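See below for the structure under consideration.
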Ligand code: RB5
């Protein structure tokens, strides 16, 4: 199950991404918003991010105007590693190296075809593990207030 959420900048892109995910055979849980009426992106980020952190959803996609605010908000949820991507190489590498479990895109920054490609690459690229696991573990340590050295 893939979590998806957006603020008022993102419903049209969210719908396009949902259609692609369905074609890919994914099940999608849509946490809103559904219209262009102004809302607060942290609310929608939290809904999707908590679903990923709890394990209800395997991965998550969040969208706002720039992708910045909603990625910042998602990253406040313990256990979430949300990468803001505006190119598909970053989407690939954040899976391979950071084991990102959420991706953010900016609906006012990134066109729909590129945004869909970013999401497709994000969802189909595995984590590489190895030396990257140690660094991802350090992210968790930071999140838990532990010293790194
Ligand atoms: C909303 O106007 C806008 O601030 C929001 O979509 C996002 O870009 C915030 O980071």
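The values are calculated or read from the model by the stated rules, or taken from the named source; none is laboratory data. Since we're looking at a predicted model, the values are computed, not measured. Virtual Cβ from ideal backbone geometry, glycine too; neighbours counted across all protein chains shown.
Looking across segment 86-109, the residues that are within 15 Å of the ligand (Cβ to nearest atom), buried (at least 22 other Cβ atoms within 10 Å of the Cβ) and over 9 Å from the mean Cα position of the chain (by Cα) come down to 106, 107. For segment 25-50, the tally of residues that are in contact with a strand residue (DSSP E or B) (Cβ under 7 Å, 6 or more places away or on another chain) and closer than 19 Å to residue 95 by Cβ stands at 4. One residue alone among 7, 15 is on the phi < 0 side of the Ramachandran plot and crowded, with 21+ Cβ neighbours inside 10 Å, and that residue is 7.
How about segment 51-69: which of its residues are near the ligand (Cβ under 10 Å from one of its atoms) and either over 18 Å from residue 91 (Cβ atoms) or part of a strand (DSSP E or B) (or both)?
Those that are near the ligand (Cβ under 10 Å from one of its atoms) and either over 18 Å from residue 91 (Cβ atoms) or part of a strand (DSSP E or B) (or both): 63, 64, 65, 69.
A single entry from 25, 36 fulfils the requirement of being within 13 Å of the ligand (Cβ to nearest atom), over 14 Å from the mean Cα position of the chain (by Cα) and not in a helix (DSSP H, G or I): 36.
Among residues belonging to segment 70-92 that are in a helix (DSSP H, G or I) and touching a strand residue (DSSP E or B) at 6+ places or on another chain (Cβ under 9 Å), point out the one that is nearest to residue 51 (Cα to Cα). Step by step, filter segment 70-92, then rank; the result is 74. Just one residue in the set 22, 66 is more than 19 Å from residue 85 (Cβ to Cβ) and modelled with pLDDT of 95 or more; that residue is 22. Which ones in segment 54-68 are touching a strand residue (DSSP E or B) at 6+ places or on another chain (Cβ under 9 Å) and closer than 19 Å to residue 122 by Cβ? Scanning segment 54-68 gives 56, 57, 58, 59, 60, 61, 62, 63, 64, 66, 67, 68. Listed conditions (1) more than 16 Å from the ligand (Cβ to nearest atom); (2) not in a loop (DSSP other than H, G, I, E, B) are all met by residue 115, apart from (1).
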